[in-house]
Amino acid sequence: MTLAAARTVILSTEELVEPERIMERPDSTTIPHFLVDAVVEAPMGAFPHECYGLYEADFAHFDEYAEAIRRDGTGAVSAYLDRHVGGQADFAGFLDSFGPARLEGQRARARELMAL
């Protein structure tokens with residue numbers, strides 16, 4: 001019997017790759033395929049947090065959120081969710097609300113870190 005943390009596992013990934021690429025580095029796969037029920041490609045899916053090597057965390061966004069909570073209390077959480085989650089039709093709308101220049105800036109910062 002296999003024990004799992006959930007009955008259904010949906011894996012979200014930044015990029016779908018060919019099985020051959022996975023077989024080149026099988027040690028990099030940490031969730032065994034037999035436990036995964038579905039795979040969803042979600043570029044920028046960790047944003048506003050980071051995805052190492054692809055985009056940096058948006059610390060300015062986190063600072064704005066923390067400042068709103070300091071200023072407005074817990075009501076800022078509801079306002080944040082209304083604006084960034086409920087106010088968007090989908091995840092693409094959420095990303096669009098930041099604008100392409102800001103997202104590209106996060107990608108550029110990740111590339112800079114990888115070059116160090």
Query raised in the report: Where in the stretch 22-116 are the helices (runs of 4 or more DSSP H), entirely inside, with at least 1 residues that are touching an Asp or Glu at 6+ places or on another chain (Cβ under 6 Å)?
Result: 100-115
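So, in the stretch 35-59, how many residues would count as being at positive phi and modelled with pLDDT under 95?
Taking the stretch 35-59 as the starting set, the residues that turn out to be at positive phi are 44, 53.
From what is left, the residues that are modelled with pLDDT under 95 are 53.
Qualifying residue count, the stretch 35-59: 1.
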Query raised in the report: What are the residues in the stretch 74-88 that are open to solvent by 70 Å² or more (accessible area, probe 1.4 Å) and over 25 Å from residue 107 (Cβ atoms), if any?
Result: 74, 81, 82
Requested in this report: Could you give me the residue pairs with C-beta distances under 7 Å whose first residue belongs to the stretch 54-73 and is open to solvent by 50 Å² or more (accessible area, probe 1.4 Å), whose second residue is basic (Lys, Arg) wherever it lies, and which are 6+ apart or on separate chains?
Outcome: 54/107
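Find the residue count for the stretch 1-21, including only residues that are outside any loop (DSSP other than H, G, I, E, B), aliphatic (A, V, I, L, M) and open to solvent by less than 100 Å² (accessible area, probe 1.4 Å). First the steps, then the outcome.
Restricting attention to the stretch 1-21, the residues satisfying the condition of being outside any loop (DSSP other than H, G, I, E, B) are 10-13, 19-21.
Filter once more, keeping what is aliphatic (A, V, I, L, M): 10-11.
Then drop every residue that is not open to solvent by less than 100 Å² (accessible area, probe 1.4 Å), which leaves 11.
Residues that pass the stated criteria total 1.
The values are calculated or read from the model by the stated rules, or taken from the named source; none is laboratory data. Here the structure is a predicted model, which is why all the values come from computation and not from measurement. Here Cβ is always computed from backbone atoms with ideal geometry, including for glycine, and neighbour counts include all displayed protein chains. Areas reflect the complete protein model, heavy atoms only, side chains present, ligands, DNA and RNA absent. Shrake-Rupley method; radii C 1.70, N 1.55, O 1.52, S 1.80 Å.
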